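Participant: Just passing along the structure, written as structure tokens.
Read-outs: derived from the displayed coordinates by stated rules, not from any lab. Quick caveat, the model's predicted, so the values are computed rather than measured. Positions of Cβ are generated from backbone atoms using ideal geometry, with glycine treated the same way; all protein chains shown enter the neighbour counts.
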Amino acid sequence: MRMESIETLFVEELKEAYDFERQILDSIGKMTGAVSSDKLRQALEQHQRVTEKQAERLEQVFERRGMSPERKTCEGMQGILSEGEHVLEQGGAPYVLDTALIGAAKRVEHYEMAAYDSLCLLAEGLGWTREARLLRKTFDEEVRMDEQLRRNAEREVEEAVSVMEEGAGNGGDGGSRSRRRQSAGTARGRQGRQASQKRGRADEGAQKRGASQGRARSGSSQARRGGTEARRGQGRTTGDGRSTRSASQGQRSGGAGAGRSTGRGGRQSSASSRGQKRGNGRGDGATREELLRRAQQLGIEGRSRMSKKELEREVSRRV
């Protein structure tokens with residue numbers, strides 16, 4: 001068919017994709033029955049189930065374009081699958097055969113990845129978002145399957161080399177042992193790099209957490225110091241208040257040594273005052289103001305109405 005438009009190109013590639021998925025389903029059963037590795041067999045069985053779903057998605061794309069599913073022979077996939085069947089016909093040691101079949105399966109995956117990536121680009125360019133989404137899902141599955149086959153291949157190669165070394169014995173297998181050590185060293189190096197990257201990420205996370213905790217502790221310490229300073233300030237304010245009240249009371253009580261102070265100094269001052277009054281007898285020579293203050297200290301009632309003589313008499317009697 002002559003390619004006159006992008007729509008025509010899309011439909012032709014879609015038909016080929018539908019064809020090679022059917023070819024894979026016909027061929028994958030042969031490969032599954034020929035492998036000796038259980039893990040590889042499980043991977044191929046999973047691939048078969050995934051391929052069936054991918055064919056159903058292609059049928060959905062046909063329906064959305066108003067077409068019935070149609071196949072156009074994909075000669076490229078025919079050639080790849082023919083190579084895999086040729087490997088089965090040759091036969092060989094189990095681990096070597098498994099490794100060869102993995103290589104054939106990876107060729108299939110890479111062809112599918114290229115085909116579906118092209119279909120996705122065409123659908124997106126045409127604005128067919130729903131079709132593009134279905135095709136992109138299949139593309140992502142092919143990428144994951146290719147990675148799984150790669151891991152299987154690495155394991156099969158190591159096991160194949162190990163079996164070859166055991167079969168060769170101790171003589172004439174220096175090159176085989178060297179390859180075995182090189183393969184093991186490569187695997188250990190890859191594992192070491194992965195572990196180092198994980199440790200690096202863990203150390204970075206620990207440093208971030210430590211810095212955050214340090215800032216939290218610093219803030220808490222500053223808050224405690226602020227509280228301490230505040231309490232000290234309240235203490236000074238309270239002390240100043242007591243001093244002010246004490247001074248005010250002393251002024252109201254009047255006279256040096258005559259205030260209502262507590263403690264030994266106040267008692268000594270009061271005793272000294274009483275001694276002076278006794279020495280003066282009835283308080284002759286004291287002014288009326290001094291007698292009034294003394295009467296107030298002694299708690300004499302009605303003192304403001306008393307004459308100076310009466311004050312002297314009451315003060316003397318109380319003393």
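Participant: Report the full-extension gain for the segment Q296 to S5: residue separation times 0.36 nm, less the Cα-Cα distance, to one decimal in nm.
Facilitator: 92.6 nm
Participant: Hey, another quick one. Say the dipole of the stretch 62-170 comes from +1 at the beta carbon of Lys and Arg and -1 at that of Asp and Glu; which of A115, H86, M145 then lies farthest toward its positive end?
Facilitator: Looking along the dipole axis, the top candidate is A115.
Participant: At what distance in nm do the modelled label points of Q90 and V143 sit from each other, each positioned 7 Å from its Cα along Cα→Cβ?
Facilitator: With each label point 7 Å from Cα toward Cβ, the separation is 3.2 nm.
Participant: Next up: Is there a pair in K106/K137; K15/K39; K39/K106; K39/K137 whose C-alpha atoms are over 21 Å apart, and which pairs would that be?
Facilitator: Going by Cα-Cα distance, K15/K39; K39/K137 fall outside the 21 Å limit.
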